[in-house]
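The values are calculated or read from the model by the stated rules, or taken from the named source; none is laboratory data. All values reported here derive from a predicted model rather than from experimental measurement. Note that we place each Cβ from the backbone using ideal geometry, even for glycine, and neighbour counts take in every protein chain shown. Accessible surface is based on the protein model in full, side chains and every heavy atom, while ligands, DNA and RNA are left aside. Shrake-Rupley method; radii C 1.70, N 1.55, O 1.52, S 1.80 Å.
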Amino acid sequence: RQVPVNGTNASLNTAGSVSITAIADFKVVSGTGVVSLASPVPIALGDVGPNASAYTPDVVLNWPATATRVQMTFHVSANGGAYTKTTTLTVMR
């Protein structure tokens, strides 16, 4: 399953060398099965300007049809690791 992901820099400064360093902690919220990451990480997003968004190539997941809603945690880094953030998303099939 391919999942498009975007992130927004809500800061007044450019975030340099933004990357998704990991996608982990998969939890099937509705349905059954095991979901895992198939895309390699890190996923480089480049520099993201103030109040701008960055779009990834689709993240590829091993996602069985029996899992209908999945929660996962994204780990993001910018500015040479000076900024890190963890965000949990719930995605529906």
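Could you list, in sequence order, all residues of segment 42-53 that are outside any strand (DSSP E or B) and either of a type in the set (A, V, I, L, M) or in contact with a Lys or Arg (Cβ under 9 Å, 6 or more places away or on another chain) (or both)? Hit for segment 42-53 is Ala52, nothing else.
Taking segment 1-41 as the range and being assigned to a loop (DSSP other than H, G, I, E, B), open to solvent by 50 Å² or more (accessible area, probe 1.4 Å) and within 22 Å of Ala52 (Cα to Cα) as the test, the residues that pass are Pro4, Ala10, Leu12, Asn13, Thr14. Of all residues being more than 21 Å from Met92 (Cβ to Cβ) and polar (S, T, N, Q) in segment 54-82, which is surrounded by the fewest Cβ atoms within 10 Å (Cβ to Cβ)? Just the residue, please. Only one residue tops the list, namely Asn79.
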